[in-house]
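S.K.: My questions will all concern the structure given below.
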Amino acid sequence: MHKITAKILCFLQEIGLIYHLEKIEETTLLPGLQLRNGKLIIDTKNYYTPVIFYTKLVIWLACLLISEKP
């Protein structure tokens, strides 16, 4: 695992975001990321580079915050 990816995962853990690293078989809006049963599923084989992973994660978190807005 890339050093930057490990730092991003440490950050997610620090803020209390539950995630699992596993293969995602189905097509998702942001390849390599999926929300399943309230947990972020991260396919570390399908996010390409740490920069792309970070970008997708920021988009995913923004969408999550917008969807929870009253």
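S.K.: If you take the residues of the range 36-50 that are out of contact with any Gly (no Cβ under 6 Å at 6 or more places or on another chain) and buried (at least 16 other Cβ atoms within 10 Å of the Cβ), which of them is farthest from LEU65 (Cα to Cα)?
M.R.: So the residue we want is PRO50.
S.K.: Residues in the range 56-69: is at least one of a type in the set (D, E, K, R) and over 12 Å from the mean Cα position of the chain (by Cα)?
M.R.: Among the residues of the range 56-69, at least one is of a type in the set (D, E, K, R) and over 12 Å from the mean Cα position of the chain (by Cα), which makes the answer yes.
Values in this text are rule-based calculations from the coordinates and carry no lab data. Worth saying up front: this structure is predicted, and the values here are computed from it rather than measured. Glycine also receives a Cβ, built like all others from the backbone with ideal geometry; neighbour counts cover every protein chain displayed.
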